[in-house]
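Notes to accompany the following structure.
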Amino acid sequence: MESDQFNRSSSKLAVVVKNGPRWKQRGKTWAWIWAVIMVLTFVVSPAWADRDPLLEVLISKGILTPAEADKIQKEAKELEKAKEQKVDNKVANSEKKVTTEVDEKVAAVEKQVERNAASWVPQNLPDVLKGLHVGMLAYLGYTVGDTPQFMGPEVKLKNGEFEGRNNDGHVGLNKFYLERGYLTVEKEITPWLSARSTTDLTEYASTTKTVSTPGGGTTTIATDAEAGDWKIRQKYLYAAVKPGNVGNVLTQIIGEFGLGHNPWHDWEESFYPYRCQGTIPIEREGVLNSADLGGSIRGYFGGEFPNAKEVLGGTNYDGRYGSWQVGVYNGSGYHAVENHPDKPVEYRVSVRPLPDILPGFQATYFGLYGKGNSSSASNFGGPFYQYYPDWIVNLGHLSYEHPWFRLSAQIISTKGNQAGNWTTVTGGAVPIGRRADSLWTLGYSGFGDVKLPICLWSWDTAYPLHVFARMDWFNADENAVIADDAKYTKLITGVAYYLYKDNLILLSYEKTWYGQDYAIQGGTGIDGSTNQVVNFASKGSNLGTDQRLEVVWQVSF
């Protein structure tokens with residue numbers, strides 16, 4: 001029996017061994033078939049893996065097909081997702097509404113407190129003092145560095161070698177100074193009529209002359225005994241009228257008549273907060289100063305921007321769709337005698353195209369058309385042909401304002417300047433009946449100011465520390481009519497610490513690189529210059545560079 005069992009087992013083993021490769025091949029085939037089925041199952045019908053159990057029951061009962069069940073489940077998921085999105089939107093809208101209401105209430109309370117403080121007066125105060133506001137703005141500083149002086153061309157010896165120049169081209173700068181002292185008195189006479197007077201305390205700069213020294217050299221001395229004295233001159237003195245809005249389009253309209261603002265300076269200085277360091281590009285270049293006698297009207301497009309302080313970081317020129325101003329002036333500025341009968345027209349348009357999407361973005365154009373304030377009539381044809389040089393300005397400005405930062409870029413092209421002395425003279429005096437043309441200029445400027453998220457002590461802000469930088473480039477003879485290199489490049493950078501509102505301490509560094517034909521003795525300085533910057537006699541002056549480190553305390557109330 002054991003032998004029979006052994007024989008049967010041996011037979012089975014022999015069959016297995018004999019047919020082993022065939023079964024093994026069939027096993028591989030079935031494995032591939034099952035793999036393909038599984039892949040198709042998960043690729044073609046991914047919903048099977050997570051189909052709702054109730055749908056599975058309906059499929060098994062023959063009530064639904066698998067395709068119908070998948071469609072129902074897909075629609076159910078989409079409805080659930082839409083419901084969740086709707087809930088999220090409601091929550092977000094509620095949070096935004098609450099935040100907005102809180103901001104509006106806080107702003108309303110702040111404005112009410114300011115109005116109450118401004119309107120609080122003793123019961124027996126005379127009417128003449130009601131609505132009266134007094135303010136001061138002063139720049140108290142210290143600076144160290146150097147200013148450039150005319151170096152002149154290198155002296156060439158007979159053997160062809162260059163000896164060099166007669167000085168190093170720089171004069172040391174190390175002084176405390178009072179850059180400006182403005183005292184402003186404003187009076188609201190009626191709700192629609194007001195007046196303003198602003199005086200400007202400045203150091204008197206006298207005329208100078210060059211005299212010989214015992215050693216055979218020369219020196220420059222003042223010709224006025226009052227040199228260095230402090231003088232008070234009028235900056236603003238005007239009446240202002242509020243005529244009311246023109247529908248919802250032109251709003252917050254104000255007219256000024258007298259010694260008032262031009263359309264550009266007040267607007268840019270409201271964006272560029274560091275006037276205490278030096279003037280804005282258009283004035284530093286010598287094209288235009290900040291006030292003039294005449295009349296102007298300005299206003300907003302579409303009313304005020306809601307919550308401007310929270311959204312934009314400030315409330316100056318906060319028109320919802322922008323602002324505008326146009327004026328007619330004498331053209332001489334506020335500290336020069338008018339030397340011609342022409343009346344330049346100045347105009348500015350600032351557009352905020354996307355107040356709900358990019359509220360801080362504005363595109364601005366400033367233009368001016370008139371004649372330069374030149375008194376040298378003999379240079380323009382003599383007494384028989386009175387001609388005043390052209391003065392044309394085209395300026396484009398892009399800016400973005402945010403509570404944490406400010407950015408701007410501008411380009412300016414001018415023909416001549418306010419003083420009327422950037423002109424072409426093609427050698428000697430201009431014959432009668434001919435005229436000298438104003439030079440075309442070109443300039444660029446970029447500015448950035450960033451609030452640092454560093455908590456330091458301040459009276460009214462959690463983050464009072466700012467860093468800023470500005471770069472200017474200007475060519476006083478763009479077409480190279482007189483000189484090829486009447487240019488300069490200026491870098492200004494620094495930090496500012498805000499103590500309270502507009503009271504701040506500023507530390508800055510400024511450096512200027514001058515082209516060899518840019519010829520203002522002392523360079524652009526802090527306030528710029530209205531002098532002639534390029535002519536045939538002074539080109540090749542080689543001013544080189546200047547630089548200064550400055551600390552300024554701006555006092556404002």
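Read-outs throughout are calculated quantities, based only on the coordinates presented, and are distinct from any laboratory measurement. Fair warning: this is a prediction, and the values are worked out from it, not measured in the lab. Cβ: placed from backbone, ideal geometry, glycine included. Neighbour counts: every protein chain shown.
Brief remarks follow.
- If you take the Cα centroid of the stretch 398-424 and the Cα centroid of the stretch 506-557, the two points sit 17 Å apart.
- When the alpha carbon gyration tensor of the stretch 223-342 is reduced to an equivalent ellipsoid, its three semi-axes come out at 31, 19, 12 angstrom, largest first.
- Extension gain from D356 to K61, taking 0.36 nm per residue of separation minus the Cα-Cα distance: 100.5 nm
- Packing-based exposure ordering (other Cβ within 10 Å, fewest first) of I189, I72, I492, I282: I189, I72, I492, I282
- Sorting T423, T65, T199, T147 from the fewest to the most surrounding beta carbons within 10 angstrom yields T65, T199, T147, T423.
- Set the Cα radius of gyration of the stretch 258-300 against 2.2 N^0.38 Å, with N its number of residues, and you get 1.20.
- Note on K511 and K309: with the Förster distance fixed at 35 Å, the Cβ-Cβ geometry gives a FRET efficiency of about 0.50.
- Note on N394 and N248: the model spin-label points, each 7 Å out from Cα along the C-beta direction, lie 3.6 nm apart.
- Of K343/K415; K175/K487; K97/K451; K490/K539; K130/K501, pairs whose Cα-Cα distance is over 18 Å: K175/K487; K97/K451; K490/K539; K130/K501
- Modelled label positions at V349 and Y463, each set 7 Å beyond Cα in the direction of Cβ, lie 3.6 nm from each other.
- Zone of Q234's modelled label, taken as backbone nitrogen in the stretch 281-302 under 17 Å from a point 7 Å along Cα→Cβ: 290-296
- Computed FRET value (nearest 0.05) for L442 with T190, which takes r as the C-beta separation and R₀ as 45 Å: 0.45
- Gained length - W404 relative to V450, 0.36 nm times residue gap less alpha-carbon distance: 16.0 nm
- Charge dipole (the stretch 456-549, unit charges on Cβ, about Cα centre) - positive-most of I492, I505, W473: I505
- Relative exposure of V481, V249, V393, judged by other C-beta atoms within 10 Å (fewest first): V249, V481, V393
- Between Y369 and V551, the contour length at 0.36 nm per residue exceeds the Cα-Cα span by 61.7 nm.
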